[in-house]
Amino acid sequence: MDIMLGFALIDEDGVLSWDDMTTDEENLEPNNLPNKLPCRQKNTLEDTVEADKDRETIVEHYYDIFCDKYLDFTDENPTTFHVVHYFRSLLDNNGFQYIDEQLPITKDLAAKINNGGFFYTIRGGLTILPFIIGGKWAPESGAGIVGSHIDAITNKLKPTSIKPDIEGYNMLGVAGYSSGLKPAWLDRDLGIGGNIIVQNDDGTFKRVLVKSPIPIAKIPSLAPHFHHSTHYNPETEMVPIVGYTEGTESETEAQQQEQFSSSHPLAKRHLFKLLKYLAQISHVAIDDIVELELELFDVEPATRGGLDSEFIFAPRLDDRLCSFAAVYALIEVSKQFFLDRSIEDYDGLNMVLLVDNEEIGSGTRTGVKGKLLNSTMDKLLSIKQHPTSVNSLVYSNSIILSADVTHLLNPNFKSAYLAKHSPLPNIGMTVKLDPNGHVMSDYVGYNLLRTITGNNGLQIQQFHIRNDGRSGGTIGPQLAIDTGARVIDIGLPILSMHSIRAMCGYKEVGLGTKFFKAFFNDWRREYSNYRGL
Ligand code: ZN
Ligand code: ZN
């Protein structure tokens, strides 16, 4: 049987497209993905594929493909706004239909959801929830949900970022987002990106995505010769330098600035030089800029590393890594409905919830406490003509995976880790356990995932903190509070969490994608063996 198989490609401009290819049904297993390789190692890998068709090589290519896709995604999408935009395009290109949260559900859309299909919703450009719903889905079928966060530690532009020049140096006022203004951000090449808010002619507003193609800022450390302590004051000693103005400005520049200053509301809040630069890279007239939603980011590209290229070295792994794998897994699952499965006859509901603001406690409308999951579930129940009082029926039959990166064993600090509870690279997903409620996994959930991974040729690792350490937080506890569903905390292991750059095994992206795909396919069948537990 010939079927259409989509494969994501990213062209030189960073535009993502879905390339359809015809292949045989038997080649659809993830280990047999087509020999069409995007981006970084394209030529070398294509040559290898031509030369060597054995299964082991193809297995290896699966991980190369997903790793390279992830590296490109990281470089092209430095901010949470960019990440949501990327996933939106990816979902659009794969037949997912957008549901506008601000509009009533039309009869036409309700009919489509009732028949079964692929959908997504977005709130505020910062949280996104794609899902697959079968035509035969009923509340007692529950839902298989992967929740992860897409915010990453950064430094955001202050409402008034303008600061007095210091001996000609132009400085930029930024505020640490979570642990942003920490020594890890010293001496890095920093770009600026996010959104420019613009007013249209009809009085409405829009956002224009922007990112600087080159680094524009640096937070320099003080050389050791000055005997400064390793602690830097984040308000006074970590102010980014964004330029240097030698002597007086030219007459034209001074005139431009004076004209701008007399009329524009942002003139007293941000450097004219910054606004001029943003106007130039976004192709928005400087007078049309209404507000800025910007942050700094590490411009150094994500890369493979290690003598055998067995690692990824990248910024923002926490947590674009699990998020990326979860969305690709959902898309891979959606492709199965082009085969012998009919979406009309399918009784499942699988969702990916990607939220903002986990790093600052989630208490925003786009964070997990904004409850986009709950309101979307209410909407589905109403479309299916069930009262929202059956919510507990749905959630008590659901499994939510709270996916957030965890701690890979650091060989320099082996004693800081609990023996037999320290994940290693390129092996697989890790379940996080903790008796004190920082994470939500229980042993039913652990066993469920062990069964699913075992049945799919995957492995699962475990992480538990030492008694003299403390677990970090995740969105897991909030999801459990908001739904009452069984939540299992899991994550792909990384080193240097919360630093500006981190590292992990190169296979983690592919292993994560396989893991989430196995979960979406198998969770319902396996979980029915645990009724009442
Ligand atoms: Zn995280
Ligand atoms: Zn974190």
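Once you have the Kirkwood Rh of the stretch 201-314 from its Cα pairs, apply Stokes-Einstein at 4 °C and 1.567 mPa s and quote D in µm²/s.
72 µm²/s
Can you show me the helix-derived [θ] at 222 nm for the chain, built from DSSP H runs with n ≥ 4 at -39,500 (n - 2.57) apiece and divided by the number of residues, rounded to the nearest 500.
-9500 deg cm²/dmol
Show me 407-415, 93-101 ranked by packing, highest mean number of other Cβ atoms within 10 Å first. Mind showing how you got there, number by number?
Details: 407-415: 13.4, 93-101: 15.7.
Order by mean packing, descending: 93-101, 407-415.
Which whole number in µm²/s is D for the stretch 307-360 by Stokes-Einstein, with the Kirkwood Rh taken over Cα pairs at 37 °C and 0.692 mPa s?
On the way: Rh = 14.1 Å.
So the translational diffusion coefficient is about 233 µm²/s.
Take HIS82, HIS231, HIS498, HIS149 and order them by how many other Cβ atoms sit within 10 Å, fewest up front.
By the 10 Å Cβ count, ascending: HIS231, HIS498, HIS82, HIS149.
Say the dipole of the chain comes from +1 at the beta carbon of Lys and Arg and -1 at that of Asp and Glu; which of TRP185, LEU91, ILE465 then lies farthest toward its positive end?
ILE465
For the stretch 390-486, what is the charge dipole size about the Cα centre, in debye to the nearest 20, if Lys and Arg each add +1 at the Cβ and Asp and Glu each add -1 at the Cβ?
Dipole of the stretch 390-486, to the nearest 20 debye: 280 debye.
Which three extents, in angstrom, do the Cα atoms of the stretch 358-469 have along their principal axes, listed largest first?
Computed over the Cα atoms, the extents are 56, 37, 24 Å.
Could you tell me the relative contact order of the stretch 96-216? Use alpha-carbon pairs under 8 Å, at least six residues apart, and round to a whole percent.
14 percent
To the nearest 0.05, how large is the calculated FRET efficiency for ASP201 and SER528 if R₀ is 51 Å and r is the Cβ-Cβ distance?
After rounding to 0.05, the efficiency reads 0.35.
Could you derive backbone 3J(HN,Hα) for the stretch 161-174 from the dihedral phi with the Karplus parameters 6.51, -1.76 and 1.60 (θ = phi - 60°), listing whole Hz in sequence and x where the residue is Gly or Pro?
9, 6, 9, x, 4, 10, 6, x, 6, 8, 10, 10, x, 10
Mind checking which of LEU330, GLY532, VAL242 is farthest towards the positive end of the chain's charge dipole, using Cβ charges of +1 (Lys, Arg) and -1 (Asp, Glu) about the Cα centre?
GLY532
Show me 220-227, 209-216, 512-519 ranked by packing, highest mean number of other Cβ atoms within 10 Å first.
Ranking, from highest mean packing down: 512-519, 209-216, 220-227.
Return a whole-number percent for the relative contact order of the stretch 382-533, with Cα pairs under 8 Å and 6 or more residues apart as the contact set.
The value is 34 percent.
Stretched out fully, how many nm does the piece from LYS369 to LEU103 gain, at 0.36 nm a residue minus the Cα gap?
Result: 93.6 nm gained on full extension.
Regarding the stretch 258-410, what are the three Cα extents along the principal axes, ordered largest first, in Å?
On the principal axes, the stretch 258-410 reaches 66, 53, 34 Å in Cα extent.
Cross-link candidates for LYS273: which lysines have Cα within less than 27 Å, leaving aside residues fewer than 8 places away along the same chain?
Excluding near neighbours in sequence, the set is LYS156, LYS158, LYS163, LYS182, LYS206, LYS211, LYS218.
Round to a whole angstrom and tell me the spacing of the C-alpha centers of the stretch 208-228 and the stretch 266-318.
Their Cα centres are 12 Å away from one another.
Give me the distance in nm between label points sitting 7 Å out from Cα along the Cα-to-Cβ direction at SER221 and GLU258, one decimal.
Once both label points are built, they end up 4.5 nm from each other.
Packing-wise, with mean Cβ within 10 Å as the measure, how do 259-267, 187-195, 65-73 rank, highest first?
Highest mean packing first, the order is 65-73, 187-195, 259-267.
Just the number: Rg to Rh for the stretch 135-266, Cα atoms, Kirkwood Rh, two decimals.
Taking Rh as the inverse mean 1/r over Cα pairs, Rg/Rh reads 1.14.
Based on Cβ point charges of +1 for Lys and Arg and -1 for Asp and Glu, what charge dipole magnitude is obtained for the stretch 185-337 about its Cα centre, in debye rounded to the nearest 20?
On the way: 13 positive and 23 negative charges, 62 e Å.
The calculated dipole for the stretch 185-337 is roughly 300 debye.
Over the chain, what is the relative contact order in percent, taking alpha-carbon pairs closer than 8 angstrom and at least six residues apart? Spell out each step's value before the answer.
Values: 1050 pairs, mean separation 102.3, N = 533.
Reported as a whole number, the value is 19 percent.
Please give, to one decimal in nm, the separation of the simple spin-label points placed at ALA419 and GLN280, each 7 Å out from Cα toward the Cβ.
6.1 nm
Just how far, in whole angstrom, is the stretch 96-114 from the stretch 474-533 if you go by their alpha carbon centroids?
If you average the Cα positions of each part, the centres end up 28 Å apart.
Can you list the equivalent-ellipsoid semi-axes of the stretch 62-131, largest first and in whole Å, using the square root of 5 times each Cα gyration tensor eigenvalue?
Sorted largest first and rounded, they come to 28, 16, 7 Å.
Provide the gained length on full extension for the span VAL290 to THR451, in nm with one decimal, where the gain is 0.36 nm per separating residue minus the Cα-Cα distance.
Details: separation 161, 0.36 × 161 = 57.96 nm, distance 5.37 nm.
Here the answer is 52.6 nm.
Would you mind ranking LEU274, LEU109 by Cβ crowding within 10 Å, fewest neighbours first?
LEU109, LEU274
Taking neighbour Cβ counts within 10 Å as the exposure measure, how do CYS322, CYS504 sort from fewest upward?
With the sparsest Cβ surroundings first, the list reads CYS504, CYS322.
Please state the shape class of the stretch 195-245: rounded when a/c is under 1.5, otherwise prolate if a/b exceeds b/c and oblate if not, all from the C-alpha gyration tensor.
Here the stretch 195-245 falls in the prolate category.
Which value, in debye to the nearest 20, describes the size of the charge dipole of the chain about its Cα centre when Lys and Arg Cβ atoms bear +1, Asp and Glu Cβ atoms bear -1, and nothing else is charged?
Dipole size: approximately 1920 debye.
Using a Förster distance of 41 Å, how high is the FRET efficiency between ILE214 and ILE383, based on the Cβ-Cβ distance and rounded to 0.05?
Values: r = 48 Å, r/R0 = 1.17.
About 0.30, to the nearest 0.05.
Please express the Cα-Cα pair-distance distribution P(r) of the chain as a list of whole percents, one per 20 Å bin, running from 0 to the bin with the greatest distance.
Binned Cα distances yield the sequence 21, 53, 24, 2.
Which lysines have a Cα lying under 19 Å from the Cα of LYS69, excluding residues fewer than 8 positions away in the same chain?
Result set, ordered by chain and number: LYS36, LYS42, LYS335, LYS507, LYS514, LYS517.
Just so you know, all these numbers are worked out from the coordinates, no wet-lab data involved. All values derive from a computational prediction rather than experimental measurement. Cβ atoms come from the backbone with ideal geometry, glycine included; neighbour counts cover every protein chain shown.
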